[in-house]
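For reference, the structure discussed in these notes is given below.
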Amino acid sequence: MSETPADGSTGVSGAADIKLQFSAPVAANSPLPTIKPNVPGTWQGAGTSTLKFVPTGAFAQLTKVTVRLPGGASGIRSASGSLLSSDVRFKFSTSAYQTTRLEQLLAQLDYLPLNWSAAPGATTPAATDRSAQIAAAYDPPQGTFTWQAGWPSKLKTFWDNGAPGSLILKGAVMLFEYDHGLTMDGIPGPQVWSTLLKAVARNQANTQGYTYALAREANPETLTVWHDGKVILHTLANTGIQAAPTTLGTAPVYLRYYYQVMKGTNPDGSKYADPVYYVSYFRAGEAVHYFPRGSYGFPQSLGCVELPWTEAKFVWPYMNYGTLVTVAPGSQTPPGSPTSN
């Protein structure tokens, strides 16, 4: 008579029960429906007019599920002996895992500058219970994110709990991908989720800490870097000249070099090939790196954020993949004691 989820449904939780309503009680020894792909679980309700499949596992995200009710002489029969005349099939598709659960797990593994705690009475799955973890990915436990101490207000503007486009989330996913040898695109696809659940089960937490960098185009220009909530560097820096300005905004580090010869074209049309060290690209053609200058603190580069040697060498190990770098108009000096060695 009916099925839940309904035929053709999309966005279904892969951990939800499947219910079939018949017009008469199903025989206790009747053949049961089949499900593809298979997941662990049991059919309940034989002898009644409602069959229910209760999964002990869960379907993966964005999976097409087919339920087949066998018909004919060897098919499902009622308690009175009536048969389905032919097979009946219905299909549904599971939803994507919830971004909120991704954030909870990344916080648990120290990839975020925030902590997460479950709400009183909320059920949280055991780290090693993969089926329960997948169920929680569809229906995250209730809880609260709180900021760790010491982070600047600017960084907090990039946090958007549950939003797939959060810059903080993208950077955290990139660092996780790098740590686990995955394609570093900041997109939490199936491979990221599978690897993340394994990392949770093994308690493979981030060992590199969390870093944020803020370049101010003030007078003088500066770069301030926080690591694990503390200012580790506050130094004079150079950004782009008027003919080749540094892009204002925020982006994550996606490419790093100890040494590189940067090549390009100057505003006057001449070519350059400059050897540079301690390079962290955060936007196409724009990087934080060492460049030799007579002085620092005002626009001199062709779009990059230039640092003196000692400061660049010190901070480069902290400017890991996924580190958010903000280039902002001038403001007051951020609090904290500057350190460069």
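A short reminder: the numbers here are calculations on the coordinates, not readings from a lab. Worth saying up front: this structure is predicted, and the values here are computed from it rather than measured. FYI the Cβ positions are ideal-geometry reconstructions off the backbone, even for glycines, and counts take in every protein chain you see.
Listed values, structure above:
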{"read-out": "Cα gyration tensor, the range 99-202 - rounded (a/c under 1.5), prolate or oblate", "value": "oblate"}
{"read-out": "Options TYR257, ALA119, ALA136, ranked by Cα towards positive dipole end of the chain, top entry (Cβ charges)", "value": "ALA136"}
{"read-out": "Highest to lowest packing among 225-232, 104-111, scored as the average C-beta count within 10 Å", "value": "104-111, 225-232"}
{"read-out": "The range 84-117 residues near the modelled TRP147 label - backbone nitrogen below 16 Å, point 7 Å along Cα→Cβ", "value": "112-116"}
{"read-out": "Fewest-first sequence of HIS234, HIS289 by Cβ atoms within 10 Å of each Cβ", "value": "HIS234, HIS289"}
{"read-out": "Label-point separation in nm, VAL54 to THR34, each point 7 Å along Cα→Cβ", "value": "2.5 nm"}
{"read-out": "Peptides 238-251, 309-322 ordered by average Cβ neighbours within 10 Å, highest first", "value": "309-322, 238-251"}
{"read-out": "Length-normalised contact order of the chain in % [C-alpha pairs under 8 Å, at least 6 apart]", "value": "14 percent"}
{"read-out": "Which of ARG130, ARG256 has the fewest Cβ neighbours within 10 Å, and the rest in rising order", "value": "ARG130, ARG256"}
{"read-out": "Mean Cβ neighbour count within 10 Å, used as a protection proxy, ranking 41-47, 113-119, 169-175, 144-150 highest first", "value": "169-175, 113-119, 41-47, 144-150"}
{"read-out": "Taking the range 141-187 and dividing mean pair separation by its residue count, relative contact order in percent (alpha carbons under 8 Å, at least six apart)", "value": "22 percent"}
{"read-out": "Equivalent ellipsoid, the range 211-329 (semi-axes from 5 times Cα gyration tensor eigenvalues, Å)", "value": "21, 15, 13"}
{"read-out": "Per-pair calculated FRET efficiency, R0 = 25 Å: ALA284 and TRP309 via Cβ, rounded to 0.05", "value": "0.50"}
{"read-out": "Pairs of lysine residues in the chain - Cα separation under 13 Å, sequence separation of 8 or more or cross-chain", "value": "6"}
{"read-out": "Inter-part distance where the range 129-157 and the range 1-60 are each reduced to a Cα centre, Å", "value": "32 Å"}
{"read-out": "Projected label distance in nm at SER82 and SER2, using a 7 Å step from Cα toward the beta-carbon", "value": "1.8 nm"}
{"read-out": "Reported label for calculated semi-axes √(5λ) of the Cα gyration tensor in Å given (1) 57, 20, 15; (2) 38, 22, 19; (3) 28, 25, 19", "value": "(1)"}
{"read-out": "Inter-site label distance for GLN242 and ASP139 at 7 Å from Cα along Cβ, in nm", "value": "6.2 nm"}
{"read-out": "Furthest towards positive pole of dipole, ALA46, SER30, VAL67, structure part the range 2-94, Cβ charges", "value": "VAL67"}
